[in-house]
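Values in this text are rule-based calculations from the coordinates and carry no lab data. Just so it is clear, the structure is predicted and the values come from calculations on it, not from any experiment. Cβ: placed from backbone, ideal geometry, glycine included. Neighbour counts: every protein chain shown.
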Amino acid sequence: MTENKENIKKSRMYARQQLIDGWDQEIVSKGCIMIVGVGALGCEIAKDFALMGIGKLVLVDLDTIETSNLSRQMLFKPGDEGRPKAEVAAERLKDMNPFLKVDFYFEKLQKLPMSVYEECDVIIAALDNFNARLDLNKICLRMKKPMVEGGTVGFEGHVQIVIPKDSALEYKNREIEIENIVETRMWEFDNPEYLDAQKEIEQLEYLIERLKQEKLEPFRRLVRKQVEAEFDNKYAEDVLNITPCYRCLVPIPPADDKLIAACTLKGLPRNRNHCVIKAEVIFEKEYGFKPDMNVDDDVVKLLALAQKELAELRNRVFNENVPEEKLETLTPEEIKEWKENIKETFGEDYKFEEMENILGNKIAAIQSVSSIISSIQSQEALKLLFRLHGRNIGPPMDPPYVNYNGVYGQFDHLDIIKREDCLACGDIEGEENVQLVVPFDADIGYIFKAMRIIGHALEPILWMITNPVNKEMYWNPYMSGEFKDPTIKLTTLKIKSNDIIALTPLGKAKVESEIKKYNVVITFM
Ligand SMILES: [Zn+2]
């Protein structure tokens, strides 16, 4: 009896969506959606699916709630600060829909057991950084799970659908499917005029067929044989049921923050952001821990350090532009003007929020845009969920990438291209592209240090460094002399900013390393 009442209540809740053509609440109730990142987008998407009556949500986020989240992340409220996002979101979603099952992980997406991914129908990326997106993209490709990726920056945002090969999903065959259903229905109507017309068409077709067989077919067969030979390796991947992946759009991920911090400590700050990053590094050295932006005392100390770096930067630029001999020729007014100009170039004194935004590598975000982007993600994930269960409430968006510009209220669909040389979904195996930010006086030894900071600890005695274009040797531990000098400067080797160098394994590493070649873009800070 109670179970019956529950069911009636459930059907009442979902009554309006049952009116949608092709809807099947059973599919939604048995579905499982994973949301990776429970921030502005993730909260909205989780709310959408909780309200629509999804069977299960899996929430993954390794962050805790901060005050600055409360302007957008609607599952959190004042007083939640410091608690894990995934846990609080799970509680609030269950309040919203008591029938919902929620698993949550206060954990890195890379550390989740693959069985968690396996259980989900569709995976939604609602992340705020490139590296996490790239890792999730890789996992989804491996697990053959469709992914709906989204992101926002200020008044702009995008959504991308990634359908991996062999995910059992139809991406571009909507027309064929619809035509088949239409054809079947036509026959079911039993209309005599239609049947007569069909009969006449069949007779004509017989005639046409005979002509084709006798006159055209031999020639056609010959041509088809040639086309078939070319087709599979050239076009198949583009027109069949797969999309480009996320990595196809980001062949070289932007440099890691940790690396920029390390580089800043070694080099001289060149802009406003560098000064704050360097201040954080100095703070940690001085006090033995990282400044906590929620502790006023830490903020005050950090502000002083950053302010000092900024003053030094202004001084340095003044001295570079106004050397001694020039200084003698300037009037006090002109000197003042120089200083004012430099001050304007590097900006006013720091405010607390600015430092927090720089150190957290935060990007501009606003609720209005987050809700637009997250709603598109929810809608696309919903269609994919139905498709996975053999039902059609609409094809995935095609092209699979949309950009939204909130300034002009404009949506642009972009026909993105699957890269044959994509390191995640392409033919190339065992290669990796990375960007290293290095100080001006970096040497060969620094490259290995920087690689270690971004998570690729390579033994210098087992890797060779060359110029991939002219094959010039920069480092070869098997040789002696200049090829084995870790203190030789990159500038001495005539390596310029944005040049690419190649790291390849030797000896033991050749056998053991999964990666057989690193293409490294060197960027001088
Ligand atoms: Zn790809």
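Between residue 393 and residue 488, what's the calculated FRET efficiency when r is the beta-carbon distance and R0 is 45 Å? Round to 0.05. Before the final figure, lay out the partial values.
Details: r = 62 Å, r/R0 = 1.38.
The formula returns an efficiency of 0.15 here.
Count charges around residue 476 for me, please; just the other residues with Cβ under 15 Å from its Cβ, Lys/Arg as +1, Asp/Glu as -1. Intermediate values should be presented prior to the final figure.
On the way: positive: 471, 484, 510; negative: 459, 472, 482, 485.
Counting the neighbours of residue 476, the net charge comes to -1.
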Counting only helical runs of four or more DSSP H residues, what would the 222 nm mean residue ellipticity of the chain come to if each run contributes -39,500 (n - 2.57) and the total is spread over all its residues? -14500 deg cm²/dmol
How far is it, in nm, from the label point at residue 413 to the one at residue 340 when both lie 7 Å from their Cα along the line to the Cβ? 5.5 nm
Compute the FRET efficiency between residue 286 and residue 504 as 1/(1 + (r/R0)^6), taking r as their Cβ-Cβ distance and R0 = 51 Å, and round to the nearest 0.05. 0.80
Extension length gain for residue 427 and residue 452 (0.36 nm per residue less Cα distance), in nm, is 6.3 nm
With label points built 7 Å along Cα→Cβ from the Cα atoms of residue 326 and residue 156, find their separation and express it in nm. 3.5 nm
Extension reserve of the residue 298-residue 472 stretch, reckoned as 0.36 nm per residue once the Cα distance is removed: 57.8 nm
Percent of all Cα-Cα pairs per 5 Å bin for segment 199-352, counting from 0 up to the last occupied bin, reads 1, 7, 10, 10, 9, 7, 7, 6, 4, 4, 4, 4, 3, 4, 4, 5, 5, 4, 2, 1, 0
Under a Cβ-only charge scheme (Lys and Arg +1, Asp and Glu -1), can you give me the dipole magnitude of the chain about the Cα centre, in debye to the nearest 20? 960 debye
Please compute the Cα-Cα pair-distance distribution of the chain with 10 Å bins starting at 0, giving whole percents from short to long. 3, 14, 20, 22, 18, 12, 6, 4, 2, 0, 0
Cross-link pairs 145/517; 418/496; 278/449; 111/510; 471/517; 362/449 - those with Cα-Cα distance over 23 Å: 145/517; 418/496; 111/510; 362/449
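What is the order of 23, 475, fewest Cβ neighbours within 10 Å to most? Walk me through the numbers on the way to the answer.
On the way: 23 16, 475 23.
Ranked by crowding around the Cβ, least crowded first: 23, 475.
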Need one number: nm distance between label points at residue 6 and residue 223, each 7 Å from Cα along Cα→Cβ, rounded to one decimal. 6.4 nm
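With +1 on each Lys and Arg Cβ and -1 on each Asp and Glu Cβ, and nothing else charged, work out how big the dipole of segment 377-525 is about its Cα centre, in Debye to the nearest 20.
Details: 16 positive and 19 negative charges, 39 e Å.
Dipole of segment 377-525, to the nearest 20 debye: 180 debye.
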Computed on alpha carbon atoms, what radius of gyration and Dmax characterise segment 57-142, expressed in Å? 13.5, 40
Which aspartates and glutamates does residue 301 reach when only Cα atoms under 20 Å apart count, and residues fewer than 8 places away in its own chain are ignored? 280, 284, 286, 292, 309, 312, 348, 349, 353, 354, 356
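Pulled fully out, how much extra length does the chain show between residue 181 and residue 363, if you take 0.36 nm times their separation in residues and subtract their Cα-Cα distance?
Numbers: separation 182, 0.36 × 182 = 65.52 nm, distance 4.70 nm.
Between residue 181 and residue 363, full extension yields an extra 60.8 nm.
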